[in-house]
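Enquirer: Handing you this structure, nothing more for now.
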Amino acid sequence: MCDTVDDCRVLRKFFAPEFVFGEGAMRLAGQYVLNFGTRNVLLVTDPGIRTMPWFEEICTGLDDAGVAWTLYSAVSPNPRSGEVMAGAGVYADAGCRGILAVGGGSAIDCAKGIGVVSSNQDHILTFEGVDRVPLPGPPLICVPTTAGSAADVSQFAIITDERARRKAAIISKALVPDISLLDPLPLVTLPREVTVASGMDALSHAIEAYVSNASSAMTDLHARTAIDLAVRSLPLAASRPADLDARSMTMLASLHAGLAFSNASLGAVHAMAHAVGGLHGLSHGLANALLLEHVVTYNYPAAAERYGDIERIMGPCGDGDTHSLPEHLHEFRCSLDIHGTLRETGAAPAEIPLLVRRAMADPCMVTNPRRPTEDEIAEVYEAAF
């Protein structure tokens with residue numbers, strides 16, 4: 001919320017795509033391709049999605065609408081720059097005029113990258129940074145199949161530079177998809193570990209957006225709603241994967257969190273997680289979950305009132321005791337079977353100096369509520385190991 005009346009009167013801009021939410025939304029893909037004036041699209045997904053029973057419904061919908069489509073599924077978790085460039089080549093060779101992304105954040109970020117390269121005719125890593133994409137990509141329609149990344153509504157794309165083993169953040173309004181078709185049905189086929197990692201990503205988005213130094217009255221509304229939805233629905237979705245009500249709530253949490261962080265940006269959790277993920281290919285949601293409580297501990301003095309709001313939204317811990325927010329976040333992730341430390345993911349304390357340099361250079365660090373030094377970020381990493 002606004003801390004003062006004056007805060008609510010500060011000039012702000014809020015950017016969001018069109019979206020359709022609810023059961024059956026994914027079946028509208030063919031219709032929306034036609035709405036954007038194209039009949040030939042690149043369908044970007046990953047190998048796992050191709051095997052899902054509901055994927056055929058999307059393909060059939062394209063066929064029924066008279067849309068020609070070319071499949072590109074060479075997408076890894078944490079999509080690589082080479083995969084983006086290869087996809088742009090397929091796009092050009094097939095004469096495509098639009099992109100349909102079906103998948104989680106990896107497929108959608110790869111699709112964003114393909115669009116940027118196709119319009120601007122340069123290597124994807126040249127667009128790293130903030131507002132460095134001169135021309136928007138072709139029409140991009142998204143069908144998200146996880147509830148966490150919110151890549152389908154955000155102006156972020158995270159692409160792995162596989163040669164340097166690092167993640168490059170590309171942030172631009174040109175990356176915001178034209179429409180997102182948010183259907184809870186694909187979520188019922190998610191493995192538990194993907195469900196909880198994605199959900200912790202959404203929770204991290206919401207918390208970081210709420211304490212961001214670029215937050216506003218508009219982003220606060222979405223961030224608070226996302227936190228409430230995530231903590232109530234994620235345990236249900238993890239324990240009852242076929243529960244469409246719970247799945248819908250997690251997807252709604254991801255949507256609200258995405259609208260918040262796309263406009264308020266993020267903070268040290270994501271900057272530090274990008275560094276670890278780029279070096280080790282670690283699941284982004286898992287990296288966030290392992291870092292979140294430690295970053296909150298560090299940031300708390302700079303945003304105590306905001307973190308207090310988050311404590312109240314999350315409510316009492318499972319044992320009914322009053323814990324500090326970092327303790328509550330630790331207990332919450334452990335209740336989802338996310339245990340351990342960064343060390344147990346394969347990261348090594350000897351890598352901390354490199355991780356610190358990369359995290360400090362990440363654009364997400366700019367909006368962290370507390371401006372850290374390299375030594376302070378090193379201490380946060382050490383706590384997470």
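Throughout, read-outs are computed from the coordinates displayed, never taken from laboratory work. Just so it is clear, the structure is predicted and the values come from calculations on it, not from any experiment. Note: ideal-geometry Cβ built from the backbone for every residue, glycine included; neighbour counts use all protein chains shown.
Enquirer: Enumerate the amide H contacts of L71 below 5 Å, restricted to partners 5 or more residues apart or on another chain; note that Pro and chain-start residues carry no placed amide H.
Expert: L43
Enquirer: Let me ask you something else. Amide H to amide H under 5 Å from F19: which residues, 5+ apart in sequence or cross-chain, H placed 1.01 Å off N in plane?
Expert: Here the answer is S180, since their amide H atoms fall under 5 Å of that of F19.
Enquirer: Given labels modelled 7 Å from the Cα in the Cβ direction, how far is it in nm from Q121 to A304?
Expert: Distance between the two pseudo-spin positions: 5.8 nm.
Enquirer: Hey, another quick one. Simple spin-label model, 7 Å along Cα-to-Cβ: V10 to L135 in nm?
Expert: 3.6 nm
Enquirer: Output wanted: per-residue J couplings in Hz (rounded whole) for the range 170-178, from phi through Karplus 6.51 cos²θ - 1.76 cosθ + 1.60, θ = phi - 60°, x for Gly and Pro.
Expert: Per-residue couplings from phi come out as 10, 10, 6, 4, 5, 8, 5, x, 6 Hz.
Enquirer: Roughly how many debye, to the nearest 20, is the charge dipole of the range 3-122 about its Cα centre, given +1 on each Lys and Arg Cβ, -1 on each Asp and Glu Cβ, and no other charges?
Expert: That gives a dipole near 240 debye.
Enquirer: Which of the lysines could a cross-linker span from K112 if the Cα-Cα distance has to be under 19 Å and same-chain partners fewer than 8 positions apart are dropped?
Expert: K167, K173
Enquirer: To continue, here is another question. What does the charge add up to near M85, with Lys and Arg as +1, Asp and Glu as -1, over the other residues with Cβ less than 15 Å from its Cβ?
Expert: Summing Lys and Arg as +1 and Asp and Glu as -1 gives -4.
Enquirer: Count charges around C334 for me, please; just the other residues with Cβ under 11 Å from its Cβ, Lys/Arg as +1, Asp/Glu as -1.
Expert: Summing Lys/Arg as +1 and Asp/Glu as -1 gives -3.
Enquirer: Would you pull out the residues with amide H under 5 Å of A101's amide H, same chain only if 5 or more places away, H placed 1.01 Å from N?
Expert: V44, I141, C142, V143
Enquirer: What share of the DSSP beta bridges in the chain is antiparallel, in percent to the nearest 5?
Expert: Within the chain, antiparallel bridges account for around 20 percent of the total.
Enquirer: Which whole-Hz ³J(HN,Hα) couplings does the range 60-73 yield from phi under the Karplus relation 6.51 cos²θ - 1.76 cosθ + 1.60, θ = phi - 60°, glycine and proline marked x?
Expert: With coefficients 6.51, -1.76 and 1.60, one gets 5, x, 5, 4, 5, 7, x, 9, 7, 9, 10, 7, 10, 10 Hz.
Enquirer: Enumerate the calculated ³J(HN,Hα) couplings along the range 291-306 in order (Karplus 6.51 cos²θ - 1.76 cosθ + 1.60, θ = phi - 60°), each rounded to whole Hz, writing x wherever the residue is Gly or Pro.
Expert: 9, 4, 4, 6, 5, 4, 4, 5, 6, 3, x, 8, 8, 4, 5, 5
Enquirer: Once you have the Cα-Cα distance between H339 and L221, take 0.36 nm times their residue separation minus that, and quote the gain in nm to one decimal.
Expert: 39.4 nm
Enquirer: Determine the sum of side-chain charges near C59: Lys and Arg each +1, Asp and Glu each -1, restricted to other residues whose C-beta is under 12 angstrom from that of C59.
Expert: -2
Enquirer: Also: Run the quick spin-label model on R232 and M85: label points 7 Å from Cα toward the beta carbon, then report their separation in nm to one decimal.
Expert: 4.8 nm
Enquirer: Rounded, prolate or oblate, given the Cα gyration tensor of the range 63-201, with a/c below 1.5 counting as rounded?
Expert: Verdict is oblate for the range 63-201.
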